[in-house]
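First the structure, in the form of structure tokens, and then the observations on it.
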Amino acid sequence: NGHTGAVWCVDVDWDTKHVLTGSADNTCRLWDCQTGRQLALLKTSSAVRTCGFDFSGNIIMFSTDKQMGYQCYLNYFDLRDPQQIEENQPYVSVPCSESKITSAVWGPLGEFVIAGHENGEINQFSAKSGEVLRKVKEHTKQINDIQTSVDLTMVITASKDNTAKLFDSTSLEHIKTFKTERPVNSAAISPIMDHVRCTVAVGGGVNIVFAVFFHAAYEEEFGRVKGHFGPINCVAFHPDGKSYSSGGEDGYVRIHYFDPHYFEFEFEG
Amino acid sequence: MRDTVMEDEVEFEEGEEPSFSDPEDFEDDISDQELLEDVLRERPQEADGIDSVIVVDNVPQVGPERLEKLKNVIHKIFSKFGKITNEFYPEADGKTKGYIFLEYTSPGQAAEAVKNADGYKLDKQHTFRVNIFTDFDKYMNISDEWETPEKQPFRDFGNLRHWLEDPDCRDQYSVIFESGERTGIFSNDVKEPILVEERPRWTETYVRWSPKGTYLATFHQRGIALWGGEKFKQIQRFSHQGVQLIDFSPCERYVVTFSPLMDTKEDPQAIIIWDILTGQKKRGFHCESSTHWPIFKWSHDGKFFARMTQDTLSIYETPSMGLLDKKSLKISGIKDFSWSPGDNIIAFWVPEDKDIPARVTLMQMPSRQEIRVRNLFNVVDCKLHWQKNGDYLCVKVDRTPKGTQGVVTNFEIFRMREKQVPVDVVEMKESIIAFAWEPNGSKFAVLHGESPRINVSFYHVKNNGKIELIKMFDKQQANSIFWSPQGQFLVLAGLRSMNGALAFVDTSDCTIMNIAEHYMASDVEWDPTGRYVVTSVSWWSHKVDNAFWVWTFQGRLLQKNIKDRFCQLLWRPRPPTLLSQEQIKTIKKDLKKYSKIFEQKDRLSQSKASKELVDKRRTMQEDYRKYREDALKMYQEQRPLRLQLRGGVDTDDLDSNVDDWEEETIEFFINEEIIPIGDLA
């Protein structure tokens with residue numbers, strides 16, 4: 001129990017001390033992971049769409065939706081300063097007037113947040129000042145999901161424009177594009193990331209849906225997995241890279257283990 | 001002059017008016033040309049006006065009561081070429097003489113009128129002859145010495161058959177995508193389509209190829225355009241406002257355009273027949289409705305075209321565009337007709353009339369001789385299906401036999417190549433979904449039954465007078481039959497509502513070679529050689545998954561081509577072969593020798609392709625590896641920062657902090673059981 005509306009996002013800090021959740025009940029809440037006790041409640045004017053702990057676990061960010069006259073904001077709180085929490089005063093609050101944030105992740109060292117917007121833009125917002133450090137517009141439609149590589153050096157974006165793209169986290173250099181024939185709802189990078197093996201999983205679709213796997217360097221699709229009865233909303237690799245899970249509109253979470261062939265096969269190259 | 005004026009002023013004495021006249025010996029050194037150039041330019045020339053006059057002969061001779069109407073018609077036709085400033089209708093004995101004079105504002109407009117209206121058929125008895133008035137003078141005064149006429153500049157479109165010279169015999173196809181914004185022409189290669197030409201907004205709705213593949217027709221608000229040659233230059237344009245439908249004559253000499261906008265009682269413009277090479281409008285026709293396009297059906301050699309109206313069959317001949325024998329055929333109750341694709345024979349049918357049974361008639365053109373008449377009884381409906389070479393005609397007859405309520409279907413097979421055209425009947429027990437003749441062969445396929453129990457039957461029309469059922473497959477998911485244009489192979493497809501089920505069949509032994517699926521496929525198109533099949537999902541029928549897939553004739557999937565908002569793919573037709581039967585026989589005999597050469601070529605190109613692919617992959621790999629190397633270097637450099645952020649805890653490797661792991665043993669209560677030990681004693 002806790003939120004009184006749909007929970008849109010959840011994150012846990014690096015040593016699983018705290019859990020951060022954002023919800024459509026216009027609050028962002030901090031919890032103690034072990035006991036489940038609510039530690040802080042931050043009220044907002046609209047639904048909290050994304051949230052996350054930075055690399056150190058000391059700074060949290062969350063973004064609110066553009067709703068009912070309220071703008072989309074990206075807020076930063078420093079957990080080491082109890083006053084900010086008590087007075088619900090973020091030390092930086094960035095308004096996004098043009099296009100609302102639809103997904104966001106922290107950069108590798110807690111210096112900035114990488115945010116994906118409704119219009120396909122990707123912006124780096126400084127965690128110190130809130131200013132835009134870098135921006136790119138490679139996607140033509142809404143960014144549905146952003147996930148980081150396990151070492152945080154790369155991010156993969158999933159977009160409604162039927163592609164997923166790989167970017168360098170720091171420079172936002174566009175490295176790879178993975179094309180499908182349907183809008184991509186979610187994308188993830190395999191943690192087993194040597195230069196040969198990096199695979200990318202995307203899920204999406206409207207009627208018949210697949211989790212699609214790409215060879216990261218060649219940008220070529222090498223496999224599809226059927227199974228969900230409705231669109232796949234999110235995909236994630238297990239940290240050991242030996243399995244992946246997908247959650248769908250049909251209400252199922254599926255966990256698939258890769259067979260030995262997946263680890264062995266090589267493209268001619 | 002200035003000096004002169006100054007001088008005058010100087011000599012001026014008070015009280016006296018200065019003289020502004022030129023001195024007596026002044027000579028004007030400015031010409032009229034300089035002073036009045038613009039005015040002189042418009043000085044009427046002696047020959048002016050006459051060059052802009054045309055004479056029109058074979059104009060109907062009318063009395064005063066119809067003169068106004070005649071003038072309106074003439075005006076309508078001739079004001080297309082320019083502004084008519086003057087008209088003269090000479091009369092004699094109360095009627096117009098039959099020739100008139102029209103004047104335009106420029107000689108250029110008059111020339112246009114001559115070019116386009118000369119030969120225009122106003123009606124059965126009047127074909128205009130138009131000439132420039134001054135030409136009469138010119139022709140009267142032809143010098144006795146022969147002067148070689150000046151050469152017209154040659155408009156070179158290149159080799160219009162250029163695509164046939166592709167050394168790898170790739171066929172072309174047109175693709176409309178981005179919901180009609182872009183049209184592209186591709187060459188069909190096994191690996192992937194090769195782009196030949198792509199243009200934005202090349203057409204406003206869709207495209208059509210001419211029957212021999214020479215021209216690509218595009219549609220525009222003002223009319224259609226024909227493109228061709230290696231670079232797809234614009235070869236010809238036909239102005240027909242609001243054109244919706246077109247049809248080509250099989251010989252590619254004529255194109256027929258239809259527009260619902262342009263029709264008027266005096267000047268039929270709904271359907272226009274054009275000469276493709278000259279761009280001339282040959283004749284215009286009325287059109288009540290375009291529901292069964294093409295309204296005009298062409299004979300296979302382009303010599304005749306015909307259309308059916310109430311109780312009438314009108315047959316016209318080319319190039320005159322006049323009615324054959326100057327009158328239409330009265331056929332009371334005629335329901336449908338079609339030309340044999342191999343001979344100038346028309347088949348038509350009329351339904352029952354009181355006590356005269358329904359009948360199908362085969363009529364030879366131009367003699368109008370009835371070759372065969374077949375009476376049919378209790379007919380509800382008939383459909384005519386010609387085999388591609390005109391060897392057979394199948395009439396699908398729906399009948400309600402006497403005393404029954406239901407409808408049964410027969411196929412009446414006319415053997416066109418046999419004396420007196422014998423007819424054999426095949427009775428079908430179930431309702432028919434689709435029927436198709438094998439091109440170049442003597443088999444036909446029938447889909448019959450009712451969903452979900454649909455069956456396909458293959459029949460062979462044998463020489464000994466029998467029609468044999470070769471094979472039947474039941475429980476098919478199909479609503480359409482697509483034969484290969486060369487015969488023998490076919491694809492059964494369940495399009496649209498049947499979710500794109502596909503079956504590839506070899507009818508030489510009636511085996512199903514492959515069963516596959518292209519989810520939500522809306523179209524199936526064979527290439528003209530019968531080697532490839534394209535299945536596609538058009539944006540016009542389904543808004544997602546728009547793509548076209550290329551298969552071999554055996555049903556092996558070669559490519560999946562996703563194109564944003566893909567709408568339509570059309571293969572470019574090939575003209576008939578130039579080889580004689582003898583030459584074809586010789587080539588078939590040596591096929592083994594040729595196939596060895598082709599196989600080697602294929603292997604080479606495959607390995608070249610793999611090599612290209614391998615090289616490409618290697619480069620991508622190398623680039624990616626380099627990127628990762630640099631990224632990892634930076635990652636290593638940032639290690640101290642990471643340690644700092646996490647209070648000295650090293651989290652770079654998953655299992656790095658084994659020391660931090662605690663092992664806890666927990667005991668928890670499962671069950672309690674009290675067992676009385678009892679009296680020990």
Label-to-label distance, nm, for residues given as B:ARG201 and A:VAL253 (7 Å Cα→Cβ offset)
5.2 nm
Give me the Debye-computed log₁₀ of I(q)/I(0) at q = 0.04, 0.09, 0.10 Å⁻¹ for the protein assembly as shown, equal point scatterers on Cα only, no solvent, two decimals.
-0.37, -1.09, -1.21
Find, among the trypsin sites (Lys or Arg not before Pro) in the stretch A:130-168, those assigned to loop by DSSP (not H, G, I, E, B) with at most 15 other beta-carbon atoms within 10 angstrom.
A:LYS137, A:LYS141
Rounded, prolate or oblate, given the Cα gyration tensor of chain A, with a/c below 1.5 counting as rounded?
prolate
Treat the stretch B:50-136 as a sphere of radius equal to its Kirkwood radius over Cα pairs and apply Stokes-Einstein at 10 °C in a medium of 1.306 mPa s; give the translational diffusion coefficient in µm²/s, rounded to a whole number.
124 µm²/s
Shielding of B:621-634 by other chains, given as the mean Cβ count within 10 Å, works out to 5
For A:ASP81 and B:GLU352, extending 7 Å from Cα along the Cα-Cβ vector and measuring point to point gives, in nm, a value of 9.7 nm
Would you compute the Debye intensity of chain B from its alpha-carbon atoms alone, equal scatterers and no solvent, and pass along log10 I(q)/I(0) at q = 0.08, 0.10, 0.11, 0.12 Å⁻¹ to two decimals?
-0.84, -1.15, -1.31, -1.46
Relative contact order for chain B, counting Cα pairs under 8 Å that sit 6 or more residues apart, in percent:
6 percent
At q = 0.17, 0.21 Å⁻¹, base-10 log of I(q)/I(0) for the stretch B:240-347 (Debye sum, equal scatterers on each alpha carbon)
-0.81, -1.26
Check the stretch B:403-493 and count each lysine pair with an alpha-carbon distance under 21 angstrom, considering only pairs eight or more places apart or from different chains.
11
Percent of alpha-carbon pairs separated by more than 15 Å within the stretch B:587-652:
72 percent
Expressed as a whole number, the average count of other chain Cβ atoms within 10 Å around the Cβ atoms of A:15-23 is 1
To make sure I understand, if each residue's beta carbon is the centre and we count other beta carbons within 10 Å, what order do B:ASP630, B:ASP247, B:ASP564 fall in, fewest to most?
B:ASP630, B:ASP564, B:ASP247
Among B:ASN440, B:TRP549, B:GLY63, pick out the residue whose Cα is farthest towards the positive end of the charge dipole of the protein assembly as shown, where Lys and Arg carry +1 and Asp and Glu carry -1 on C-beta, about the Cα centre.
B:ASN440
Sort A:ILE143, B:ILE467, B:ILE481 by Cβ crowding within 10 Å, fewest neighbours at the top.
B:ILE467, B:ILE481, A:ILE143
Quickly rank B:188-195, B:487-494 as a protection proxy: mean count of other C-beta atoms within 10 Å, highest first.
B:487-494, B:188-195
Strictly over 22 Å apart at the Cα level, which of B:LYS69/B:LYS326; A:LYS226/B:LYS191; A:LYS100/A:LYS160; B:LYS231/B:LYS611; B:LYS76/B:LYS297 would you flag in this model?
B:LYS69/B:LYS326; A:LYS226/B:LYS191; B:LYS231/B:LYS611; B:LYS76/B:LYS297
Value of [θ]222 nm, deg cm²/dmol, for the protein assembly as shown, DSSP H segments ≥ 4, -39500 (n - 2.57) each, nearest 500
-4000 deg cm²/dmol
If r is the Cβ-Cβ distance from B:TYR519 to B:SER21 and R0 is 56 Å, what FRET efficiency results, to the nearest 0.05?
0.05
Inter-probe distance in nm under a simple model that places probes 7 Å from Cα toward Cβ, at A:GLU264 and B:ILE675:
5.2 nm
For the stretch B:396-424 and the stretch B:51-88, compute the distance between their C-alpha centroids and round to whole Å.
56 Å
Residue exposure sequence - B:ASP590, A:ASP54, B:ASP311 - by fewest surrounding Cβ within 10 Å:
B:ASP590, B:ASP311, A:ASP54
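Only the coordinates and a few stated rules stand behind these numbers; no lab work does. Since this is a predicted model, take the numbers as computed values, not measurements. Don't worry about glycine lacking a Cβ; one is built from the backbone with ideal geometry, like all the others, and counts go over all protein chains shown.
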